[in-house]
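A short worksheet on the structure shown next.
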Amino acid sequence: MQTKPPNDVKAYEIPWQDRPFLHIKTAAQLLGVSRTSIYRMKEAGHLRLAGVGSRTVVRTESLLEYIRSVEDRTPEARS
């Protein structure tokens with residue numbers, strides 16, 4: 001659940017899971033992939049991107065959904 005932070009909280013102090021959007025670079029680092037892979041994942045329908053100002057960002061909820069879907073495909077989950 002996302003809540004509005006108090007005015008004295010800096011953006012970098014908010015856990016990434018609680019942010020509505022993530023920079024492409026941040027999402028790529030979290031997944032251990034390249035920025036290009038993030039765009040490929042978007043084209044494949046795995047991630048949802050948004051435009052915020054002049055930036056393209058990843059919707060955090062779509063990243064979390066993707067992570068959960070990958071966890072469901074681990075060898076342990078297939079047993």
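Annotations for the structure displayed:
- So residue 37, is it within 14 Å of the chain's Cα centre (by Cα), at pLDDT 95 or above and part of a helix (DSSP H, G or I): yes
- When 69, 62 are checked against the criterion of being in contact with a strand residue (DSSP E or B) (Cβ under 9 Å, 6 or more places away or on another chain), of a type in the set (Ser, Thr, Tyr) and part of a helix (DSSP H, G or I), 62 stands alone in meeting it.
- Members of the stretch 40-52 that are closer than 13 Å to residue 62 by Cα and touching a strand residue (DSSP E or B) at 6+ places or on another chain (Cβ under 8 Å): 42, 47, 48, 49, 50
- Note on the stretch 31-64: among residues that are exposed (fewer than 14 other Cβ atoms within 10 Å of the Cβ) and among the hydrophobic types (A, V, I, L, M, F, W, C), the one that is nearest to residue 18 (Cα to Cα) is 64.
The values are calculated or read from the model by the stated rules, or taken from the named source; none is laboratory data. None of the values given here were measured: they were computed from a predicted structure. For neighbour counting, all protein chains shown are included, and Cβ atoms are generated from backbone atoms with ideal geometry for every residue, glycine included.
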